[in-house]
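Just passing along the structure, written as structure tokens.
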Amino acid sequence: MMHFLSSMEADRHIADADVLVDIAHVLMLNKQKINDRKVTRDILSALLEMHDEGIPEEAFDERFEDVHAGIESLLIESAGADTGGRMHMGRSRNDEVATCIRIKLREELLKQMVALMKVREVLIALAGKHTESAMPGFTHMQHAQPTTLAHHLLAYEQAFSRDFDRLNSAYARINLSPLGAAAFASTGYPIDRDYTASLLGFDGLVTNSMDAVATRDFALETLADLSIMMTNTSRLCEELIIWSTSFVKFVTLDDAFCSTSSIMPQKKNPDSAEIMRAKSASVFGAFTSALVTIKGLPMSYNRDLQELTPNIWRGMHDAKASLFLLSDMLASAEFDTKRMMDEAGKGFSTATELADTLVRSFGLPFRTAHNIVGRAVQKGSLSLAILEAAAHEVGPDISLKKKGLTQKKINEVLDVNYSIALRKAPGGPAPSATKQAIKDCKKKLGVDATITVKRLAHQARSRETLIIEARRMVA
Ligand code: ARG
């Protein structure tokens, strides 16, 4: 029964955070004169020892329900019942655990944001090298219109940039303190919630004490955001897998990211991309599991919440591991731009441009032009003779030759690079447009880096100040 109820294994993720929460709480109890200085000093010196030396393994013994109980017990053992027994006033494990989860999660989230920025940085750098590298663009996985590798990579960069924004906005809702909510009804002790919140580096409170212990929406939104991010990761991996097949051969992944077959000596398999594609499923699983755990829970704390927590760490772990590898996998990939160029013009991929030319230079309505070119494609050629025949089928009195269409003009507009260069509207594949897009991406990445660095510094500073404050008290 004890083993069944225990959260010890997952509590390893939040044990360090628990010591910080204890320290902040004890400093607050002293400031509010709920505990005297002597008791405060004795508890703090035991807690600082755990902070400095590490939490004794005994605290994780399954005879304790969880690590919060384990740490408190050790404290009572070392400081004595009359002292150690005065730490847990004015709070409950319900607000304690919620606080610990938020502290650990915000730390993990920043690592995730750093990993995302790294991927974006690599995508932007690659795009910079390939603004002139033509390749086929696809819809329905059929050759559609030519584009460039830069354009394709920047599409992913934009998706990852939105993933960053989502996590960044989740961060603001995670970094609020539930501490002081106690079991759910707060406490009769004259506590100072703002003080503990600021000691722990939170930006504010989860004010309603029932909400504070009951909600895990901050975890759900993080897992939802990670799930969306993993859809983007998985799509990119899927493309890399397709591109590395011998049919397509657009890319060669570095050996470090591939493995061989135990029976077929010639094989080189894109395993890393495949595992990342599958890790997305694992993250969705963590999200689904957390979501479903919450949905039937009445207010306020229910033990079910304990089962939700490991999903946060699992989802975060798989997402982060994938993203950290993805940047190196992309950076070391070799793109075969000649092969891409060869394919760029296939499948009548510049037919749209020809239809547009019939509109722009020869005054045809777009639908008529689309019809004529479509018929010529069906006949298997976009030569002047075939186009002329197709035009006659569409309207007996239409003659493209009479309108001045020449074979030379056709060849010019069917050229892949001509078609790309024309598409210079913002966000298009023309080198002028992708160069501008790269500038914009770099600028946003810079802003995002500043936000992240600020948050990292704030976390580090508040942690440092908390410990200094505790040491000062003990001294
Ligand atoms: N270990 C629990 C959790 O992870 C926190 C303790 C609350 N336990 C309780 N019996 N109220 O959610």
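What tally of residues in region 429-442 results from selecting those that are open to solvent by less than 50 Å² (accessible area, probe 1.4 Å) and in a helix (DSSP H, G or I)? Walk me through how you get there before you give the answer.
Restricting attention to region 429-442, the residues satisfying the condition of being open to solvent by less than 50 Å² (accessible area, probe 1.4 Å) are 429-431, 433-434, 437-438, 441.
Now drop any that are not in a helix (DSSP H, G or I), which leaves 431, 433-434, 437-438, 441.
Adding up the residues that qualify gives 6.
Where residues in region 243-293 are under 30 Å from residue 224 (Cβ atoms) and hydroxyl-bearing (Ser, Thr, Tyr), which of them is modelled with the lowest pLDDT?
272
Something else about it: Being closer than 30 Å to residue 118 by Cβ and in contact with a Pro (Cβ under 8 Å, 6 or more places away or on another chain) narrows it down to one residue among 321, 286, 344; which is it?
Criteria check complete, one pass: 344.
Might you check whether a residue that is under 19 Å from residue 474 (Cα atoms), in contact with a Leu (Cβ under 9 Å, 6 or more places away or on another chain), assigned to a helix (DSSP H, G or I) and open to solvent by 40 Å² or more (accessible area, probe 1.4 Å) occurs anywhere in region 69-92?
no
Conditions first: (1) under 25 Å from the mean Cα position of the chain (by Cα); (2) open to solvent by 80 Å² or more (accessible area, probe 1.4 Å). Residue 464 passes all but one, so which condition is the exception?
(1)
So, in region 207-228, of the ones that are more than 15 Å from residue 106 (Cα to Cα) and open to solvent by less than 30 Å² (accessible area, probe 1.4 Å), which residue ends up nearest to the chain's Cα centre (by Cα)?
Filtering first and then ranking leaves 227.
Here is a follow-up. Can you tell me which of (1) away from the ligand (no atom under 16 Å from the Cβ); (2) assigned to a helix (DSSP H, G or I) is the one residue 131 doesn't meet?
So residue 131 meets the others, but not (2).
Looking at region 18-42, I want the residues that are open to solvent by 30 Å² or more (accessible area, probe 1.4 Å) and have a partner that is assigned to a helix (DSSP H, G or I) with Cβ atoms under 6 Å, at least 6 apart or on another chain. Which pairs are those?
From residues that are open to solvent by 30 Å² or more (accessible area, probe 1.4 Å), the pairs are 41/474; 42/79; 42/83.
Assuming residue 144 fulfils every condition listed in (1) open to solvent by 20 Å² or more (accessible area, probe 1.4 Å); (2) of a type in the set (A, V, I, L, M, F, W, C); (3) at pLDDT 95 or above apart from one, which condition is it?
(3)
Now for a different question. How many of the residues making up region 1-35 are among the polar types (S, T, N, Q) and more than 12 Å from the ligand (Cβ to nearest atom)?
Number of matching residues: 3.
Only one of these is more than 27 Å from residue 423 (Cβ to Cβ), open to solvent by 60 Å² or more (accessible area, probe 1.4 Å) and modelled with pLDDT of 95 or more: 162, 166, 193. Name it.
From the options 162, 166, 193, the qualifying one is 166.
Sort through 445, 422, 414 and tell me the only one that's more than 30 Å from residue 351 (Cα to Cα), of a type in the set (A, V, I, L, M) and surrounded by 15 or more Cβ atoms within 10 Å (Cβ to Cβ). Break it down into steps so the answer makes sense when it comes.
Values: 422 fails: more than 30 Å from residue 351 (Cα to Cα); 414 fails: more than 30 Å from residue 351 (Cα to Cα).
Of the residues listed, the single one that is more than 30 Å from residue 351 (Cα to Cα), of a type in the set (A, V, I, L, M) and surrounded by 15 or more Cβ atoms within 10 Å (Cβ to Cβ) is 445.
OK, next. Can you tell me which of 236, 240, 223 is of a type in the set (A, V, I, L, M, F, W, C) and touching a Gly at 6+ places or on another chain (Cβ under 7 Å)? Please lay out each step first, then the result.
Working: 236 fails: touching a Gly at 6+ places or on another chain (Cβ under 7 Å); 240 fails: touching a Gly at 6+ places or on another chain (Cβ under 7 Å).
Answer to the selection: 223.
Could I ask something else about it? Can you name the residue in region 293-325 that is polar (S, T, N, Q) and part of a loop (DSSP other than H, G, I, E, B) and is also surrounded by the fewest Cβ atoms within 10 Å (Cβ to Cβ) among such residues?
302
Let me ask you something else. For the list (1) touching a Leu at 6+ places or on another chain (Cβ under 8 Å); (2) among the acidic types (Asp, Glu); (3) open to solvent by 20 Å² or more (accessible area, probe 1.4 Å), I need the number of the one condition that residue 342 fails.
It fails just one condition, (1).
Can you name the residue in region 50-68 that is in a loop (DSSP other than H, G, I, E, B) and within 14 Å of the ligand (Cβ to nearest atom) and is also surrounded by the fewest Cβ atoms within 10 Å (Cβ to Cβ) among such residues?
The selected residue is 62.
Using beta carbons and a limit of 8 Å, which pairs, at least six apart or on different chains, have the first residue in region 300-315 and within 11 Å of residue 223 (Cβ to Cβ) and the second one near the ligand (Cβ under 8 Å from one of its atoms) and small (Gly, Ala, Ser)?
Here the result reads 313/10, each pair linking region 300-315 to a residue that is near the ligand (Cβ under 8 Å from one of its atoms) and small (Gly, Ala, Ser).
Further question on the same structure: Evaluate region 205-212: report whether one residue or more is under 19 Å from residue 455 (Cβ atoms), touching a strand residue (DSSP E or B) at 6+ places or on another chain (Cβ under 9 Å) and of a type in the set (A, V, I, L, M, F, W, C).
Yes, region 205-212 contains at least one residue that is under 19 Å from residue 455 (Cβ atoms), touching a strand residue (DSSP E or B) at 6+ places or on another chain (Cβ under 9 Å) and of a type in the set (A, V, I, L, M, F, W, C).
Out of 331, 390, 385, 376, which single residue is over 44 Å from the mean Cα position of the chain (by Cα), open to solvent by 10 Å² or more (accessible area, probe 1.4 Å), aliphatic (A, V, I, L, M) and at pLDDT 95 or above?
385
Scan region 92-100 and give yes if some residue there is without any contact (Cβ under 8 Å) to a residue 60 or more places away in the chain, within 16 Å of the ligand (Cβ to nearest atom) and over 30 Å from residue 319 (Cα atoms), otherwise no.
No, the conditions are met nowhere in region 92-100.
The values are calculated or read from the model by the stated rules, or taken from the named source; none is laboratory data. All figures in this text were calculated on a predicted structure; none of them were measured in a lab. Glycine gets a Cβ as well: all are built from the backbone with ideal geometry, and neighbour counts include every protein chain shown. Calculation scope for accessible area: heavy atoms of the full protein, side chains included, ligands and nucleic acids excluded. Shrake-Rupley method; radii C 1.70, N 1.55, O 1.52, S 1.80 Å.
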